[in-house]
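Since the structure comes first, as structure tokens, the remarks are kept for the end.
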Amino acid sequence: MQATTDHYLLYTEALRTDESGPHWKFVLQSVGGNVQLSADDSELNSRTSRLELLAVVRGLEAIDRPARVTLLTGSRYVSRGIRRQLSQWREDNWQWERFGEFVPIRDRDLWQRVDHALQIHQVECSDWQADDGASAAPAAAGSLFAAAMATLRRGILTPLTAIWPTTFTRAA
């Protein structure tokens, strides 16, 4: 008999405001349960893309046993890295070719931590775009989670034709 794996929703965001400076945040919610954990901090002199990746790392490392994780991120840097480039970077010893030379990838330390977490957890990465109100200021963890769940539901429950309209028509 196979044991059931815990399933979590991990929402991450990073933003730069005049009041608090560069800021990252994650909300980790168990699906079908009542466990919720959130954490946030600011990091001076950091790029927003690095902060988003740091939020992913901290969220994945907060899970104490192997789990299934649905990651909701608004960062193309993070989603593309996880979906497309991570295995290639690992094969190329954490380097990539730039103008004919191999150079270290940006944020190598964090990407290696993500790679380690992906060996433990089963992660599905979904894109999430905050509306103007959500990105303007950090919101309460509950409202972030509700907005993320609504986005996830829209993506899962909406027919593919409504999301991706047909680009051609057949002549009669």
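The values are calculated or read from the model by the stated rules, or taken from the named source; none is laboratory data. Model, not experiment: these values are computed from the prediction. Quick reminder, even Gly has a Cβ in these numbers, built from the backbone with ideal geometry, and neighbours come from all protein chains shown.
In the range 71-81, the condition of being touching a residue at least 60 places away in the same chain (Cβ under 8 Å) and assigned to a loop (DSSP other than H, G, I, E, B) is met by at least one residue.
Here is a yes/no grid of residues against (1) touching a Gly at 6+ places or on another chain (Cβ under 8 Å); (2) without any contact (Cβ under 8 Å) to a residue 12 or more places away in the chain; (3) not β-branched (V, I, T):
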| position | (1), (2), (3) |
| --- | --- |
| R84 | no, yes, yes |
| E91 | no, yes, yes |
| R108 | no, no, yes |
| V114 | yes, no, no |
| L118 | no, no, yes |
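Remark: V103 falls outside the filter, which requires a residue to be closer than 11 Å to V123 by Cβ and of a type in the set (V, I, T).
Quick grid of which residues meet (1) aliphatic (A, V, I, L, M); (2) part of a strand (DSSP E or B); (3) modelled with pLDDT of 90 or more:
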position: S49; (1), (2), (3): no, no, yes
position: D64; (1), (2), (3): no, no, yes
position: L86; (1), (2), (3): yes, no, yes
position: V123; (1), (2), (3): yes, yes, yes
position: Q129; (1), (2), (3): no, no, no
position: S135; (1), (2), (3): no, no, no
position: A150; (1), (2), (3): yes, no, no
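R108 fulfils the conditions (1) at pLDDT 95 or above; (2) surrounded by 18 or more Cβ atoms within 10 Å (Cβ to Cβ); (3) not acidic (D, E) except for a single criterion, (2). Of everything listed in (1) surrounded by 14 or more Cβ atoms within 10 Å (Cβ to Cβ); (2) in contact (Cβ under 8 Å) with a residue 40 or more places away in the chain, the single unmet condition for T17 is (1).
When residues in the range 51-76 are screened for being surrounded by fewer than 18 Cβ atoms within 10 Å (Cβ to Cβ) and under 17 Å from L110 (Cβ atoms), 3 of them pass. Within the range 1-42, the set of residues being of a type in the set (S, T, Y), more than 18 Å from Q122 (Cα to Cα) and not in a strand (DSSP E or B) comprises S20 only.
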